[in-house]
Structure formats: structure tokens, C-alpha cells
Amino acid sequence: MKANTKRCSRCKQHLPLDNYSKSVKSKDGKNNYCKVCNIEYQQESRKRVYDLNPPLQLLKRSCQAAFRRSQPNYSRDGYDHVSCSYKNVKEFFSDLWNDNQFRDDWVAQTNIYNMSGILKDRPTLDRIDSKRGYEKSNIRMLPHWKNVTEGALKECQVFVIKDTRIDHRIDYSGIGEAKKAIAALYRIPKNALNCVDHGTIVEADNGVNLLLQTNDGQLKVGNESKYIMVMNKYKILYDLVTGVEVARTHQQVQSEVSGIEIRSSAS
Ligand SMILES: [Zn+2]
């Protein structure tokens, strides 16, 4: 074995030290499993723990995520800070798990989720009154699709603008869905579309601009003009006998032209 390599005790390959993460437990300061094996190992042990009691594990994860979201230093694009009345994750989890009605709902939905294996069926924590935080009697179980739908279903249209003309109009049942689709369609990061809902036209690649419009008229017809039309007016005086230009006056006329007209379909 070469000095700058190490044998992975899982896949048995001799690999350069770069392929190992740091470990304080090991003599040489490197993990005994290579990075690839270590990821696999962690996924497997996560699955083993999960399989012992799926609904319990899912609820723990949900409580952890919700609790993290309630911490003062929490920040993530598109997510508001939400308060939490529980002191820690354990208290949060126990309160829900010991509530028979809640636990029954949670277990039933977990069974559906385990059968379908589709994210939309995962049980989630829903705040009944969304203005209030995670607190006792304000939490119920909702399947993922319903939770997401109730929170963000807002019909909208996306206008694809090319050469100042609306080239295409696509209807979506929710803003999240629209952003995801546009991001995929025009290969732009989803985060870059955060501003789309604020009435600004966003420049995507390929000379295409995008505007997202919600039905509640949040984005009204813009008053400000986008283009200025310039007209040059010449007044030329000719000598009719010789045909020579004698005098010329020039006037430039500007007028504002609205290049893109968009109306809310709700009004
Ligand atoms: Zn390995």
C-alpha cells in the first residue's frame, strides 16, 4: 500500500486520501470508509432506523424541521420564520405522539405513504391557523399534497415575451408549479424566479423575458411606458426654379409607447 492511499474497509479499494473524510476517532485522522461508501452506509443505517417504526421516525423528522424553522437565526429563501411554543424537539414530538387522534391520523397517512412511495402522500405538520405558530391545538396532520396546495395554490399565468410581443401564455394552478416548470423550460435556477411575482419582467436566456401574473390582480397593467418612439419631422423649402434646397427645419417628436400590455384576467 502506498503512503498516500488508504484501503476502504467496506469496498476494499485502495484510494487516495482525498477520498476519505476526516475522522477524529481514527488513528490517521481519516474515516475507515471512503466517501462513497460512507454515504451508502449512512443511507442504509437511516433506512434501518426508519424501518423500525416509520410513523415515529417521520414525525421526529417533521418536528426537527419545524423546530429548526422556529429558531431566531433560521433563514431560507421563501420560508418565513414561524414561532414554536415548545422548548425543544423532544417536547414537541411527545406532545403530538401522545395525542391519540393525531397519532392515528399520522400512522394512517404514513401507511399510505409507505405503500405509494410518493412524496405527495407523506404526512406533514400543518398549522391550522397559519398566522399562528407551532403550538398545541394549532397542529394537525395533512398529507403533503394537501398542505402544499392549501398554502400556495394561486392560479397564475406566465407570459413569455419575445421581441416585445407576448409569444406564449401558460396557465398554472400554482405559483410553485409555475416556477418549477419555467425553471426547467428555460434552464434558469428556481431562486432566480423569486422576483417574478413582483411585477417585474425577468430576463431569461435565449432572448426571452418572463412575467408571472396572478389572477387576483396583484400585478396590474403597468402605467409606465417601456419604449419611446422618436419621430423626425423635417420641413424643407426648395427653390422651385433651380430645385435647390433653400431652408430646412428639423423637429424631433417623442411619444411614449407601451410595448407590452397585460391585463389581469380576473378584472
Ligand atoms: Zn469504499
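Residues in the range 235-261 that are among the hydroxyl-bearing types (Ser, Thr, Tyr) and modelled with pLDDT of 85 or more: Tyr238, Thr242, Thr249. Any residue that is closer than 30 Å to Asn98 by Cα and in contact (Cβ under 8 Å) with a residue 24 or more places away in the chain - is there at least one of those in the range 32-51? The answer is no, given that none of the residues of the range 32-51 is closer than 30 Å to Asn98 by Cα and in contact (Cβ under 8 Å) with a residue 24 or more places away in the chain.
The number of residues in the range 124-137 that are more than 15 Å from Ser70 (Cα to Cα) and surrounded by 15 or more Cβ atoms within 10 Å (Cβ to Cβ) comes to 1. What tally of residues in the range 52-64 results from selecting those that are outside any helix (DSSP H, G or I) and either more than 27 Å from Gln101 (Cα to Cα) or in contact (Cβ under 8 Å) with a residue 24 or more places away in the chain (or both)? Adding up the residues that qualify gives 0.
Checking each residue in the range 1-31 for being more than 9 Å from the ligand (Cβ to nearest atom) and out of contact with any strand residue (DSSP E or B) (no Cβ under 8 Å at 6 or more places or on another chain) picks out Ala3, Asp18, Val24, Lys25, Ser26, Lys27. Each residue in the range 96-114 was checked for being of a type outside the set (Phe, Trp, Tyr) and under 16 Å from Trp145 (Cα atoms), and 7 pass. Report whether or not Asp121 is within 30 Å of Asn19 (Cβ to Cβ), more than 16 Å from the ligand (Cβ to nearest atom) and either modelled with pLDDT under 95 or surrounded by fewer than 18 Cβ atoms within 10 Å (Cβ to Cβ) (or both). Judged against the criteria, Asp121 is not a match.
The single condition from (1) touching a helix residue (DSSP H, G or I) at 6+ places or on another chain (Cβ under 9 Å); (2) part of a helix (DSSP H, G or I); (3) away from the ligand (no atom under 16 Å from the Cβ) that Tyr74 fails is (2). When the residues of the range 34-52 are filtered to those that are within 10 Å of the ligand (Cβ to nearest atom) and among the charged types (D, E, K, R), the one that is nearest to Pro16 (Cα to Cα) is Lys35.
For the range 1-13, residues that are exposed (fewer than 12 other Cβ atoms within 10 Å of the Cβ) and of a type outside the set (A, V, I, L, M) total 4. (1) modelled with pLDDT of 95 or more; (2) over 31 Å from the mean Cα position of the chain (by Cα): which one isn't true of Phe93, the others all being true? All conditions are met except number (2).
The values are calculated or read from the model by the stated rules, or taken from the named source; none is laboratory data. Note that the structure is predicted; figures quoted are calculated from it, not measured. In this analysis, Cβ positions are derived from the backbone assuming ideal geometry, glycine residues included, and neighbour counts consider all displayed protein chains.
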